[in-house]
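Q: Have a look at the structure that comes next, please.
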Amino acid sequence: MKTSRYSLLPLLILTVMSCTSEKKETKSLEVEIYETSESGNKLTRITEFSKVDSSAVIKLLPEQKFQTITGFGGSFTESSAYLINKLSKKNRDTILQAYFADDGARYSLTRTHIASCDFSLNNYTYAPVVDDMDMESFNIEEDRDDLIPMIKDAQAVSTDGFKIISSPWTSPPWMKDNKEYVGGKLLPKYYDVFALYFSKYLEAYKAEGIDIWGLTPVNEPHGNGNNWESMHFSPEEETDFVQNHLGPKLEADGYGDVNILGYDQNREGLGEWVDAMFKDEASSKYFAGTAIHWYESTYDYFPEELQYAHDKAPDKYLIETEGCIDSQVPVWQNDAWYWKKEATDWGYDWREDDKKYLHPKYAPVNRYARDIIGCLNNWVDGWVDWNMVLDRQGGPNWFENWCVAPVIVDPDADEVYFTPLYYTMAHFSKYIRPGAEVIGVENADEDLMVTAAKNPDGSIAVVLFNEGTTSIDFSLMLGEEMVKVKINEQAIQTILIPSKTN
């Protein structure tokens with residue numbers, strides 16, 4: 001089984017192609033180049049092109065079409081919404097414009113939590129009354145101060161709109177065997193009641209003018225070490241819940257078009273989950289696709305597992321619904337830190353000895369860029385970051401599970417810091433739009449990661465990442481047109497080819 005669609009061409013072919021391109025009178029390829037780099041570029045327009053005749057050629061193959069892009073973006077959490085509300089109107093607007101406006105990152109795919117999660121101010125559920133089988137006590141009052149206003153403000157800013165995936169971290173505690181927010185399993189006698197809980201949620205948010213595009217049955221069904229809100233499902237149990245309870249209930253209540261994404265945890269476990277979810281036509285019926293996270297490793301994007309999931313259900317969504325720099329306090333207003341291999345994650349300290357190799361120290365920008373490009377080159381069609389905004393401690397978080405977000409704020413001083421992670425995300429979300437098709441790429445330089453997609457308007461976005469400490473010159477070819485390009489050391493670059501030239 002192949003581990004990636006993009007492998008290096010034989011050197012002989014590259015040499016012939018390079019020589020041929022030199023002998024032919026090649027046309028100049030019109031491009032716009034934007035770069036974010038360790039040296040200081042922040043989605044900066046590059047106007048000085050390479051003057052080097054490089055033998056390294058990156059060839060775009062738009063006739064080779066792969067997955068259709070659903071979108072890129074981040075997550076609405078109570079923590080982010082609470083912080084935004086504490087800022088001045090000017091800074092609130094600055095952040096929302098930066099994420100959702102046409103001149104910002106143009107986020108198109110987002111996520112939020114159903115009731116409380118670790119990035120909430122406290123534990124809460126929408127159905128607090130024990131054994132309320134008809135959900136008469138259901139209410140979303142906890143979301144009205146912060147979460148709902150942030151989503152609606154983002155809707156007002158976004159020209160194209162954005163999709164929302166909603167995930168519960170747990171059912172109401174009284175539905176579980178341990179009656180707690182943390183850990184435990186959903187009791188089978190409450191399967192239908194929990195399905196009603198989802199339907200009530202969709203109805204309540206719709207009444208607020210917020211349509212939910214997708215759901216996952218639960219966040220991280222393997223649990224989180226019994227630290228914060230969680231609920232355990234096996235692959236077979238979740239499949240049963242979706243096939244026989246959640247799917248039919250949503251369909252009966254008029255929400256059959258809401259996309260149910262199964263699993264919603266680390267990629268290493270994909271195989272056993274897609275085997276259960278897509279076992280046959282009946283088990284597959286209500287699953288629109290699979291949701292995944294990246295916490296299994298700081299550098300490995302698990303191409304074989306992604307390929308397996310795609311092969312098992314080639315017509316279903318495969319969406320990264322959560323990833324962040326976890327177990328790490330943000331570094332305030334120091335761009336250099338985000339390019340250095342100093343950060344660690346949960347696995348650096350707490351992983352089993354035989355799995356610690358998956359969690360070395362790493363550079364946060366490298367992790368984002370490597371992962372998103374690796375995902376796009378292995379059938380993933382959407383990629384959602386975790387919190388959009390956190391404070392200087394990496395919270396607020398009721399469990400004190402500190403993390404990093406692309407935008408860090410100091411609400412007391414009313415200051416906002418756009419980290420390099422914000423610009424890294426924008427290299428994808430701003431230029432690869434929903435409905436784009438990932439296209440083929442022949443990459444002659446093993447030191448460059450590269451992916452490309454053709455947008456609905458005909459433009460092509462090429463995203464490259466140079467993790468090395470020296471700049472790289474290369475030639476980008478589309479048909480008989482070519483442009484010489486230089487990418488700086490430790491840099492991510494988006495090359496946009498306008499539709500009129502292809």
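Q: Can you name the strands (runs of 3 or more DSSP E) wholly within the range 41-143 that have at least 2 residues being among the aliphatic types (A, V, I, L, M) and open to solvent by less than 10 Å² (accessible area, probe 1.4 Å)?
A: In the range 41-143, 57-68, 109-114 are the strands (runs of 3 or more DSSP E) which contain 2 or more residues that are among the aliphatic types (A, V, I, L, M) and open to solvent by less than 10 Å² (accessible area, probe 1.4 Å).
Q: Which condition does GLU25 not pass, out of (1) open to solvent by 10 Å² or more (accessible area, probe 1.4 Å); (2) modelled with pLDDT of 95 or more; (3) more than 30 Å from PRO411 (Cβ to Cβ), if it passes all the others?
A: (2)
Q: Next question, about the same structure. Which residues, taken from the range 359-369, are part of a helix (DSSP H, G or I) and not small (Gly, Ala, Ser)? Walk me through how you get there before you give the answer.
A: So the first thing to find is which residues in the range 359-369 are part of a helix (DSSP H, G or I), and the list is 364-369.
Residues satisfying the conditions are PRO364, VAL365, ASN366, ARG367, TYR368.
Q: Would you confirm whether or not the range 41-57 contains a residue that is of a type in the set (D, E, K, R) and within 18 Å of PHE465 (Cβ to Cβ)?
A: Yes, there is a match, as at least one residue in the range 41-57 is of a type in the set (D, E, K, R) and within 18 Å of PHE465 (Cβ to Cβ).
Q: Taking only pairs six or more apart or across chains, which ones have beta-carbon atoms under 7 Å, a first residue in the range 253-279 that is in contact (Cβ under 8 Å) with a residue 12 or more places away in the chain and β-branched (Val, Ile, Thr), and a second residue that is open to solvent by less than 20 Å² (accessible area, probe 1.4 Å) and in a helix (DSSP H, G or I)?
A: Close Cβ pairs satisfying both conditions: VAL258/LEU202; VAL258/LEU250; ILE260/VAL242; ILE260/LEU246; ILE260/GLY247; VAL274/ALA309.
Q: Can I ask one more? Given the criterion at pLDDT 95 or above and under 14 Å from the mean Cα position of the chain (by Cα), identify the matching residue among ASP457, ASP385, ASP414. Steps first, please.
A: On the way: ASP457 fails: under 14 Å from the mean Cα position of the chain (by Cα); ASP414 fails: under 14 Å from the mean Cα position of the chain (by Cα).
Answer to the check: ASP385.
Q: Something else about it: Has the range 399-415 got at least one residue that is touching a strand residue (DSSP E or B) at 6+ places or on another chain (Cβ under 9 Å), assigned to a loop (DSSP other than H, G, I, E, B) and among the β-branched types (Val, Ile, Thr)?
A: No, the range 399-415 contains no residue that is touching a strand residue (DSSP E or B) at 6+ places or on another chain (Cβ under 9 Å), assigned to a loop (DSSP other than H, G, I, E, B) and among the β-branched types (Val, Ile, Thr).
Q: When the residues of the range 151-174 are filtered to those that are touching an Asp or Glu at 6+ places or on another chain (Cβ under 9 Å), of a type in the set (A, V, I, L, M) and not in a strand (DSSP E or B), which remaining residue is most open to solvent (accessible area, probe 1.4 Å)?
A: VAL157
Q: For ALA426, are the conditions met, namely being in a strand (DSSP E or B), closer than 30 Å to PHE162 by Cβ, at pLDDT 95 or above and of a type outside the set (Val, Ile, Thr)? Don't jump to the end; show me each part of the working.
A: Working: in a strand (DSSP E or B): no; closer than 30 Å to PHE162 by Cβ: yes; at pLDDT 95 or above: yes; of a type outside the set (Val, Ile, Thr): yes.
Judged against the criteria, ALA426 is not a match.
Q: Being polar (S, T, N, Q) and either in contact with a Gly (Cβ under 9 Å, 6 or more places away or on another chain) or farther than 21 Å from ASP381 by Cβ (or both) is the filter here, so list the residues in the range 444-466 that pass it.
A: Those that are polar (S, T, N, Q) and either in contact with a Gly (Cβ under 9 Å, 6 or more places away or on another chain) or farther than 21 Å from ASP381 by Cβ (or both): THR451, ASN455, ASN466.
Q: Kindly indicate the residue of the range 208-248 that is open to solvent by less than 20 Å² (accessible area, probe 1.4 Å) and small (Gly, Ala, Ser) and also farthest from HIS113 (Cα to Cα) among those meeting that condition.
A: Per the criteria, the residue is GLY247.
Q: Same structure, new question: What do you reckon, is GLY435 open to solvent by 10 Å² or more (accessible area, probe 1.4 Å) and in contact (Cβ under 8 Å) with a residue 40 or more places away in the chain?
A: In short, yes.
Q: Can you give me the number of residues within the range 468-502 that are surrounded by 17 or more Cβ atoms within 10 Å (Cβ to Cβ) and not in a strand (DSSP E or B)?
A: Number satisfying all stated conditions: 2.
Q: Out of (1) open to solvent by 10 Å² or more (accessible area, probe 1.4 Å); (2) within 17 Å of TYR34 (Cα to Cα), the odd one out for PHE465 is which?
A: Answer for PHE465: the failing condition is (1).
Q: Could you say which residue among SER158, SER167 is hydroxyl-bearing (Ser, Thr, Tyr), within 27 Å of the chain's Cα centre (by Cα) and farther than 22 Å from GLU237 by Cβ?
A: It is SER158.
Q: Taking only pairs six or more apart or across chains, which ones have beta-carbon atoms under 6 Å, a first residue in the range 167-190 that is in contact (Cβ under 8 Å) with a residue 12 or more places away in the chain, and a second residue that is part of a strand (DSSP E or B) and open to solvent by 50 Å² or more (accessible area, probe 1.4 Å)?
A: LYS185/HIS232
Q: Still on this structure, I have one more. Could you please give the count of residues in the range 426-444 that are out of contact with any strand residue (DSSP E or B) (no Cβ under 6 Å at 6 or more places or on another chain) and either within 29 Å of TRP332 (Cα to Cα) or of a type in the set (D, E, K, R) (or both)? Before the answer, list the steps.
A: Going through the range 426-444, the residues out of contact with any strand residue (DSSP E or B) (no Cβ under 6 Å at 6 or more places or on another chain) turn out to be 426, 430, 433, 435.
Checking which are either within 29 Å of TRP332 (Cα to Cα) or of a type in the set (D, E, K, R) (or both) leaves us with 426, 430, 433.
Of the residues in that region, 3 qualify.
Q: Determine which member of the set LEU390, LEU421 is assigned to a helix (DSSP H, G or I) and within 30 Å of SER116 (Cβ to Cβ).
A: LEU421
Q: Sticking with this structure for a sec: For GLY223, are the conditions met, namely being part of a loop (DSSP other than H, G, I, E, B), small (Gly, Ala, Ser), in contact (Cβ under 8 Å) with a residue 40 or more places away in the chain and out of contact with any helix residue (DSSP H, G or I) (no Cβ under 9 Å at 6 or more places or on another chain)? Steps first, please.
A: Values: part of a loop (DSSP other than H, G, I, E, B): yes; small (Gly, Ala, Ser): yes; in contact (Cβ under 8 Å) with a residue 40 or more places away in the chain: yes; out of contact with any helix residue (DSSP H, G or I) (no Cβ under 9 Å at 6 or more places or on another chain): yes.
Against the criterion (part of a loop (DSSP other than H, G, I, E, B), small (Gly, Ala, Ser), in contact (Cβ under 8 Å) with a residue 40 or more places away in the chain and out of contact with any helix residue (DSSP H, G or I) (no Cβ under 9 Å at 6 or more places or on another chain)), GLY223 qualifies.
Q: So for the range 198-207 (the condition being surrounded by fewer than 20 Cβ atoms within 10 Å (Cβ to Cβ), touching a helix residue (DSSP H, G or I) at 6+ places or on another chain (Cβ under 9 Å) and of a type in the set (D, E, K, R)), does at least one residue qualify?
A: Checked the range 198-207: no residue is surrounded by fewer than 20 Cβ atoms within 10 Å (Cβ to Cβ), touching a helix residue (DSSP H, G or I) at 6+ places or on another chain (Cβ under 9 Å) and of a type in the set (D, E, K, R).
The values are calculated or read from the model by the stated rules, or taken from the named source; none is laboratory data. Because the structure is a prediction, the values reported are computed rather than measured. All Cβ positions, even for glycine, are placed from backbone atoms using ideal geometry, and neighbour counts span all protein chains on display. Quick note on the areas: whole protein, heavy atoms, side chains included, nothing else; ligands and nucleic acids left out. Shrake-Rupley method; radii C 1.70, N 1.55, O 1.52, S 1.80 Å.
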